[in-house]
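Here's the structure, in structure tokens; my notes come after.
The values are calculated or read from the model by the stated rules, or taken from the named source; none is laboratory data. For clarity, every value in this text was computed on a predicted model and none was experimentally measured. We place every Cβ from the backbone using ideal geometry, glycine too, and count neighbours over all the protein chains shown. Heads up: the accessible areas ignore ligands, DNA and RNA and are worked out on the full protein's heavy atoms, side chains in. Shrake-Rupley method; radii C 1.70, N 1.55, O 1.52, S 1.80 Å.
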Amino acid sequence: MKDLAGYRGRTLEFLRRASAGVGDVLEVKTDWGTVTGTVVPRYASADDSHVVLKLKTGYNVGLDVSRLRGAKVVAAGEKPSFSPSPAPKARPGLPKILLLGTGGTIASRVDYRTGAVHPAVDSSDLHALVPELSEIAMVDSEILFNILSENVKPLHWAKLASRIAKAVAQGYEGVVVTHGTDTLGYTAAALSFALQGIPIPVILTAAQRSSDRPSSDATLNLIGSVSIAASADISGVYVGAHLDESDRGVALHAGTRVRKNHTSRRDAFLSVGVPLAAVWEDGKVRLIDDGPPSEVRKALFRPKPKFSNGASLLKFYPSMPPSLLPSLRRSGTKCLVIEGTGLGHVSSDVIIEIGRFVRSGGMACMTSQCINGKVDLDVYDTGRDLLNAGAIPLEDMLSETAVVKASWVLANTRSAEEARRMMLTNLAGEMTSRRLPG
Amino acid sequence: MMPGDRPGLLVGLEVHQQLSAPTKLFCNCPITKTEEFPFSFERRLRPAQSETGRLDPAAVFEFSRDKPNLYLWSPESSCLVDADEEPPRQVSREVVETGLMVAAALGSGVVDEAHVMRKIVIDGSNTTGFQRTAVLGFGGSLMVDGTKVGVQSITLEEDAARIMGEDERSRIFGLDRLGVPLIEVALDPVSGTPEFVGHVALNLGRVLRSTGRVARGLGTIRQDLNISLDGGAVVEVKGVQKLNLVAKVVAYEASRQRALMEVAKKLVGRGAKVKCAVKEVTRIVPWGGSEVLSKAVGEGGKVDCVTATGLSGLLGWEPAPGFRLGREAAEVARAHSLGGIVHSDEFRKRGISEGEERALREYCGAAEDTALVLVAGEPDRAERGAAAVASRLELAPDGVPAETRGATRDGETVYMRPRPGAQRMYPETDVPLITLPKELLSAAADSVGEPWEDTVKRYTNSFRLSRDLALRLYDSDSAPVFEALARELMVEPSVIASILVEMPPRLLREGVPEDAMNEARLVELLRAIDSGAVAKEAAPDILRALGAGKAKTVAEAVGSLELSRMGESEVSSLVDRLVRSSSKLISERRESALSPLMGELMSEVRGRADGALVSRLLKERLERALKAPRGRQSSKALR
Ligand SMILES: [Zn+2]
């Protein structure tokens, strides 16, 4: 059975007639000469008129099958034989770190024959690709799930939190989670609430440039994050990523105060309203911030890996139809986080709907689209109207953190009063008591 | 055999020509050279493992040098795409069209769909660790001196970052050049003389320029040469920046490779096997006599001794002047950022005494026929350097090893790194596929400009330039301005061409600075000649005055040199005065007095009048003087 990955319609027909498949060396005649190359997979989204051959020089070319004559297979596809370089020996005595994969490729190798990129699949593979890790820690790795980060749902947060809780019981001294960058901040917030009081560091890390590239930021982020997890005197949930555009340092961000603030830069993650927790640079960790108040940090570790799908986030904008609120309510939203303007404001027609939302038994919380600063509903009439309608001002909580928190709160209490109290309590460093200069 | 002939010499030429495009290939940055870089960042590239688990030798070499790359950038010429901080945008249609024009000009076949690939390059010259490149066409040919030279491939690719230096900490690159669109044309290997290879490069450059879409000026065209002799491996020489260096580099490489083959022959004659070992000898002798070694040790470095059996006497041997195996080993050490080496064929000359040599030989267990090579420097570096020197020397029996070398400004070559293995390429998934429908190709074929031979013929026929001047003009950056001026001005086209392309290099040798003779200045000068404000003979003096800073504009220079043009009557009265005061000469030499008189006049006129006018007036006046009865003339003279 021939592998015809990506080919369809006319090209599929063409390859079938030539009894060729991916990996076979095909010789075809064009208007300008004979071309010989290995058939490589075609992108599923590409058209069905070009067959792609990889030439001996390494280049791929697309040839229009309607203009080709005399296609014949001159050599059958050979399977690449893979012999990974031996993994360095684990060094007993180093801290035990668990590396959890959730998707994305933190380390990978390229099949230059077909152009495919294969991620590291287990610990030994990972060690072969990033041998530096065995100098830092005894790393066990495990792929928990393999999905794009935009497909991460509350059920994945729950699964991840449970596995990390188990890692604490297994005696790991730190956990590093690899995760796509897009929703990394949300997952970090989710783990922060589910794993309050965790006695070991949990560091989520990622790459903005995929690991098949020589310039990938994955390796530095991984080495930096494992180093911090293995050596720093910290606990709690953090995000570790490039400090700046250089391959020099990894910044550690508090899990509830971190935001992806750039679509593509290596230093996309920023700590909002709080200093960095730590910086790893030149092989050393420098602790900067103690993080949340001690009662938060010293909370008893009682993992609560449960999340609800009943929380929604809505960004207010001038032309927003107020009817969005009842429609969200009807589709199951129990807690609505509204990202208001300025100090946390919305238009008066939306305030009316917020009142109805709350009277129907829902919970409505206010955050600000300013990103920096806290909401305050006591300054203007609009704010006071919102308070009267039942809106809960969430201080300086980030909107993304707020909706994750609401999802966690809904799953962990049935009482509306308790839910309101939890939303307003600083559980995992998600709110600050003072906004500081700098 | 011709003196320049090298039997068995094969040269494959790859020409990399920058295109003149409004933006870089994969981003919207303008193409400009940056002098001041306000920002920098530092990166390390890591060789990605291939599916086979094997690493590329060239990649391992670069990685083992273990120096981060420092990238300098400026908003005027670089953006986040150049810094590998943003995905590339798709290739502009215009650049693809230029590629197709080159294919049409060379008669090449074109693929139906071009795929941008990532070609792994981890020497730091690309921030991504790969070069984006797409092959557009294959086949075709060009004629050079009556010989048909085949084209292998036509490729569209991005230029690399500009290497700006290397210090102890890092290698430094400027990002202004990174991403500039290049067309690479690879030719079939040709045999023949180095001069012929030079002509091939020259003619290919002319074909590329005939598209009218390529960049001009120094550094916009670079040649890579794959050079081999019969029985030797292919040596890749990168970065020949000037066309006139191609022949020189080929000749140099041919001599170098022949010399290495001679060394190999000697080894075969000796029946010697070359086996190398490395031993640290930092503390074995005091190194007092060698400044290089004692300095390295004093700075906390170490000395490694490479022993190479069978090579004694062959490191310093020069089969041809300047070519020694020892020099090859030194270049390898230098590529590992080490100062150099000291080998046993030159121990006495380099301050290692006989006693010290004996101690070293004894410690390393090296017999008489074994050569010793001392490699000193910072410990890690010395270790890597010694290992590299050892592997190089073990290849001595092969003659010419496959390697990548760089071309110097003088047309020599130096070792850069081992030859990369098979090209490591995989698809650039961030850039869409480029379909090249037939219509696009025929449109490109239609917009290809006049073939260069036709342009040169047109210059010789319609503008009456000599073929030599026409070629110089075509090869210069001034052809477009020449065509415009030749049509617009009344000045002879040959004068325009000569002032544009012949005068500046001549005055440059005299010491007139280049910027005093930039195109705008030359155009200003030609317009002044055209308007009659100045004679063409005054052109060099005007440029000299500008060069010396005596004037800022051509008009000022004319004034300062009192070069304002003489009218016909002024010239006429000057002629008259001279003829009258030279009656003795004229009466003695009759018609042949013309030449000395003309010389005297021209030096007096000093470029203020056209030579043709002076000559006509003098001839007329002289004729009259000779026709006049002598008596009358003498009586007039008596008056
Ligand atoms: Zn750019």
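The table below gives the values:
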{"quantity": "Members of the stretch A:23-51 that are touching a helix residue (DSSP H, G or I) at 6+ places or on another chain (Cβ under 9 Å) and over 15 Å from B:Ala134 (Cβ atoms)", "calculated": "A:Asp24, A:Leu26, A:Val28, A:Thr30, A:Asp31, A:Val39, A:Arg42, A:Asp47, A:Asp48, A:Ser49, A:Val51"}
{"quantity": "The stretch B:236-288, residues that are of a type in the set (Phe, Trp, Tyr) and in contact with a helix residue (DSSP H, G or I) (Cβ under 7 Å, 6 or more places away or on another chain)", "calculated": "B:Trp287"}
{"quantity": "Flag if A:Val250 is within 14 Å of another protein chain (Cβ to nearest Cβ), within 27 Å of A:Ser162 (Cα to Cα) and not small (Gly, Ala, Ser)", "calculated": "yes"}
{"quantity": "Residue within the stretch B:33-49 that is within 16 Å of the ligand (Cβ to nearest atom), modelled with pLDDT under 95, more than 14 Å from chain A (Cβ to nearest Cβ) and open to solvent by 60 Å² or more (accessible area, probe 1.4 Å) present", "calculated": "yes"}
{"quantity": "Odd one out for A:Lys2 among (1) at pLDDT 90 or above; (2) assigned to a loop (DSSP other than H, G, I, E, B)", "calculated": "(1)"}
{"quantity": "A:His118 open to solvent by 20 Å² or more (accessible area, probe 1.4 Å) and at pLDDT 80 or above", "calculated": "no"}
{"quantity": "Leading residue by the ranking (nearest to the other protein chains (Cβ to nearest Cβ)) among those in the stretch A:1-23 that are open to solvent by less than 10 Å² (accessible area, probe 1.4 Å) and over 14 Å from A:Leu68 (Cβ atoms)", "calculated": "A:Gly23"}
{"quantity": "Qualifying helices (runs of 4 or more DSSP H) (wholly inside the stretch B:460-541; at least 3 residues being farther than 18 Å from B:Gly611 by Cβ and open to solvent by less than 70 Å² (accessible area, probe 1.4 Å))", "calculated": "B:467-475, B:479-488, B:503-510, B:519-530"}
{"quantity": "Members of the stretch B:285-326 found to be within 19 Å of B:Leu393 (Cβ to Cβ) and part of a strand (DSSP E or B), listed by number", "calculated": "B:Val303, B:Asp304, B:Cys305, B:Val306, B:Thr307, B:Ala308, B:Phe323"}
{"quantity": "Criterion (under 21 Å from B:Thr435 (Cβ atoms) and out of contact with any helix residue (DSSP H, G or I) (no Cβ under 7 Å at 6 or more places or on another chain)) met by exactly one of A:Lys54, A:Lys2", "calculated": "A:Lys54"}
{"quantity": "Positions within the stretch A:202-241 being within 14 Å of chain B (Cβ to nearest Cβ) and touching a Pro at 6+ places or on another chain (Cβ under 8 Å), in sequence order", "calculated": "A:Ser211, A:Pro214"}
{"quantity": "Filter result for A:Tyr317 (hydroxyl-bearing (Ser, Thr, Tyr) and in contact with a helix residue (DSSP H, G or I) (Cβ under 9 Å, 6 or more places away or on another chain))", "calculated": "no"}
{"quantity": "Only listed residue being in contact with a His (Cβ under 7 Å, 6 or more places away or on another chain) and more than 21 Å from B:Val250 (Cβ to Cβ), chosen from B:Arg381, B:Arg392, B:Arg424", "calculated": "B:Arg381"}
{"quantity": "Residue under evaluation B:Gly289, criteria (1) modelled with pLDDT of 95 or more; (2) open to solvent by 20 Å² or more (accessible area, probe 1.4 Å), criterion not met", "calculated": "(1)"}
{"quantity": "Test: residue in the stretch B:429-439 that is crowded, with 20+ Cβ neighbours inside 10 Å and part of a strand (DSSP E or B)", "calculated": "yes"}
{"quantity": "Qualifying position, being in contact (Cβ under 8 Å) with a residue 12 or more places away in the chain and assigned to a helix (DSSP H, G or I), among B:Ala277, B:Ala272, B:Ala264", "calculated": "B:Ala264"}
{"quantity": "Residue tally, condition in a loop (DSSP other than H, G, I, E, B) and either more than 10 Å from the ligand (Cβ to nearest atom) or within 14 Å of another protein chain (Cβ to nearest Cβ) (or both), over the stretch B:18-30", "calculated": "5"}
{"quantity": "Qualifying residue in the stretch B:402-410 (condition: crowded, with 16+ Cβ neighbours inside 10 Å, within 14 Å of another protein chain (Cβ to nearest Cβ) and within 28 Å of the chain's Cα centre (by Cα))", "calculated": "no"}
{"quantity": "Residue in the stretch A:347-357 that is in contact with a strand residue (DSSP E or B) (Cβ under 7 Å, 6 or more places away or on another chain) and without any contact (Cβ under 8 Å) to a residue 60 or more places away in the chain present", "calculated": "yes"}
{"quantity": "Only listed residue being closer than 30 Å to A:Ala207 by Cα, in contact with a helix residue (DSSP H, G or I) (Cβ under 8 Å, 6 or more places away or on another chain) and more than 7 Å from chain A (Cβ to nearest Cβ), chosen from B:Gly140, B:Gly124", "calculated": "B:Gly124"}
{"quantity": "Residue pairs meeting the criteria (Cβ under 7 Å; at least 6 apart or on separate chains; first away from the ligand (no atom under 16 Å from the Cβ) and open to solvent by 10 Å² or more (accessible area, probe 1.4 Å), in the stretch B:169-197; second at pLDDT below 95 and of a type in the set (Asp, Glu))", "calculated": "B:Ile172/B:Glu166; B:Thr193/B:Asp5; B:Phe196/B:Asp145"}
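A quick yes/no check of all residues on (1) on the phi < 0 side of the Ramachandran plot; (2) crowded, with 20+ Cβ neighbours inside 10 Å; (3) in contact (Cβ under 8 Å) with a residue 60 or more places away in the chain; (4) away from the ligand (no atom under 16 Å from the Cβ):
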position	(1), (2), (3), (4)
B:Trp73	yes, yes, yes, no
B:Arg89	yes, no, yes, no
B:Leu106	yes, yes, yes, yes
B:Val110	yes, yes, yes, yes
B:His115	yes, yes, yes, yes
